[in-house]
Amino acid sequence: MDAGTAQPTLLHAIIESAPTALILSDSNGRIVLANQEAERLFGYSGRELQGLQVEALMPPRFRMRHPDLRNGYQAGPSARRMGSGRDLRGLRRDGNEFPIEIGLSPVRTEEGLFILSAVVDISERLRSERNFRQALESSPIAKLIVDAEGRIDFANDEAARLFGYERSALAGQPLELLLPLSVRDLHPKLRAGYLQNPQVRRMGAGRTLHGLRRDGSTVPVEIGLSPLDTPSGPLVLAAIVDISERLRIEEAQRQINEELERRVAERTAELAESNAALARSNEDLQQFAYIASHDLQTPLRGIAGCAQLLEKSFGENMDPELREVTRRMVNSTVTLQMMIRDLLAYSRIETRQDSVTDVSLQDALSDACGLLDAVIVESGARIEHEPLPTVAGERTQLVQLFANLLGNAIKYRSRELPHVRISAQDLGEQVEISVADNGIGIAQEHHQRIFEIFKRLHNQQTYPGTGIGLAVCRRVVQRHGGRIWVTSQPGSGSVFHFTLNKQQSS
Ligand code: ADP
């Protein structure tokens, strides 16, 4: 219905049936009609409102001014909210006040100008608004409510603290006050854009945002936006978090990481350098051992030849003391020759990645037995083995490994016939091979040192040897990425264990 003329009966019917409190008053402010909802709201019943002055429905302090306001409205009547922005109050019959909102519409009838007031009790709304603001007040996060024009409608204590203002100094100010100059011009456009498509979201994704403090300093912030749909129009709630501390920690972490990376790089370079140096000195050493043992062989052969010649030529006529000396000389040269030969073999152990293939340990073992055939037969040794796996390695070295361990198991036998058992255990990536014998055993204190070069526990007379066999075993196993150790007790045999990597292609 427009603000033009209206049929009184029709008007009455509409007013009565409306779910809102409606009051129709005449130009003098006398209530002509009030619906049931209006009676309920103001605490009246049975048409009691009819005939009353509208001023009866407002607290006395508003009454004086009201006739003037009414006359003003009648001078230029239009449908509008009453007293917008002012705190309007209704008065119940029992004397209680309550907050209201009033919509006014002029109604022209043949009987003159009437004013239709729609009255809404806004106590509930104000209470939830109050609760909402209280929740914002107590938040440890800075909160601002900004209206559609970009004015700060509300700022909590934390927001005031963050930006260095008194709370009262922020209310009503343009939001741009809190923005660095560099983004100030751009911001109203961003704000308008947000209002076009308001949703809960983070602001300035991917960028570091800054706020401007009262003292002119800036503070890095993170901002979350939520639109608030309120009866007084759309508002935006901004939650602002000072992230200086976080950025400081991130920066410190970045610096620490950089420093760590730098140190790791330095250390890696140093390691690479010392590895290279080690490789060089290893090579030098190998070269040296090779040349030395090679070159030593010739004069040694000379000495051995001379000693044997001496023994052969004068053996019978020789003074017994001299003969003994000559015999010892021959023995020593033979031992020395063996040592040089073994040292040469040791210095040659070098596992090159390209010579690594899949090697069946079963085949390697049977090759080793082949090498030791004479010794095995002569000693009556029994050699048993479980099925053995295939490993990644260099075949000749693995044959050597088995030959050295089997040779020792037979050499260091007890009174019993030698019995050697070879077994395998799956360790996942690796296999562990055990070579167990029933020989003389080894005391605990020697378990480590027997793997060192030239370390022997016996003299040549009791058990001949050069003390290189286990050093070779250790070198072979280590070059294959495994380890070797012994478990043994004197008199109870020995078990040599070693690990190797499983075959590459499975
Ligand atoms: P060699 O046998 O030439 O002396 P090795 O390096 O092979 O040199 O062995 C070092 C020492 O370890 C040996 O002198 C011996 O005392 C001890 N040994 C090695 N294998 C066994 C074994 N199966 N039983 C008892 N002792 C052993």
- Query: Given H placed 1.01 Å from N in the peptide plane, which residues other than close sequence neighbours of GLY482 have an amide H under 5 Å from its amide H?
  - Reply: none
- Message: Less than 10 Å Cβ to Cβ from ILE115, Lys/Arg counted +1 and Asp/Glu -1: what total charge do the surrounding residues give?
- Response: 0
- Of GLN50, LEU33, PRO77, which is farthest along the charge dipole of region 20-78 in the positive direction, counting Lys and Arg as +1 and Asp and Glu as -1 at C-beta? PRO77
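With a 10 Å radius around each residue's Cβ, average the other Cβ atoms per peptide and rank 387-400, 361-374, highest first.
The densest-packed peptide leads the list: 387-400, 361-374.
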- Dipole check, the chain, charges on Cβ (K,R +1; D,E -1), about Cα centroid: among SER105, GLY481, PRO174 the Cα furthest to the positive pole belongs to SER105
- Accessible area per residue, Å², region 80-171 with all protein chains present, probe 1.4 Å: 53 Å²
- Query: Can you run phi through the Karplus equation (6.51, -1.76, 1.60; θ = phi - 60°) for region 37-54 and list ³J(HN,Hα) in whole Hz, with x for Gly and Pro?
  - Reply: 4, 5, 4, 4, 5, 9, x, 10, 8, x, 6, 5, 6, 4, x, 6, 7, 4
- Query: What net charge do the residues around ASN257 carry, taking every other residue with its C-beta under 12 Å from that of ASN257, with Lys and Arg at +1 and Asp and Glu at -1?
  - Reply: -2
- In whole Hz, with x marking every Gly and Pro, tabulate ³J(HN,Hα) for region 115-120 from phi via Karplus 6.51 cos²θ - 1.76 cosθ + 1.60, θ = phi - 60°. 10, 9, 10, 9, 10, 10
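State to the nearest 20 debye the size of the charge dipole of region 211-277 about its Cα centre, where the only charges are +1 on K and R beta carbons and -1 on D and E beta carbons.
Here the size comes out at about 200 debye.
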- Task: Compute the acute angle (0 to 90°) between the alpha-carbon long axis of helix 395-411 and the principal axis of greatest extent of the alpha-carbon atoms of the chain; round to the nearest 10°.
- Result: 60 degrees
- Query: For GLY380, what is the net charge nearby, where nearby means another residue's Cβ is under 15 Å from its Cβ and Lys, Arg count +1, Asp, Glu -1?
  - Reply: -1
- Query: What do you get when you divide the Cα radius of gyration of the chain by 2.2 N^0.38 Å, with N the number of residues?
  - Reply: 2.25
- Note on the structure: Rounded to a whole %, the carbon-and-sulfur portion of the accessible area of the chain at a 1.4 Å probe is 53 percent
- Provide the gained length on full extension for the span ASP295 to ARG280, in nm with one decimal, where the gain is 0.36 nm per separating residue minus the Cα-Cα distance. 3.2 nm
- Note on the structure: Each label sits 7 Å from Cα toward the beta-carbon; between ASN257 and ASN197 the label points are separated, in nm, by 3.2 nm
- Which shape class applies to region 335-444: rounded if a/c is under 1.5, otherwise prolate when a/b exceeds b/c and oblate if not, where a ≥ b ≥ c are the square roots of the Cα gyration tensor eigenvalues? oblate
- Message: Modelling each spin label as a point 7 Å along the Cα-to-Cβ direction, I'd like the ALA265/SER355 distance in nm, to one decimal.
- Response: 3.8 nm
- A student asked for the Cα radius of gyration and Dmax of region 208-260 in angstrom ought to give 16.6, 58
- Please state the charge dipole magnitude for the chain, taken about the Cα centre, from unit charges on C-beta atoms (+1 on K and R, -1 on D and E), reported in debye and rounded to the nearest 20. 720 debye
- Task: Can you pull the one-decimal nm distance between simple spin-label points at PHE314 and GLU16, each 7 Å off the Cα toward Cβ?
- Result: 15.8 nm
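The values are calculated or read from the model by the stated rules, or taken from the named source; none is laboratory data. Please read all numbers here as calculations on a predicted model, not as lab measurements. No Cβ is skipped: glycine too gets one built from the backbone with ideal geometry, and neighbour counts run over all protein chains shown. Side chains are part of the model used for accessible areas, which takes the heavy atoms of the whole protein and leaves out ligands, DNA and RNA. Shrake-Rupley method; radii C 1.70, N 1.55, O 1.52, S 1.80 Å.
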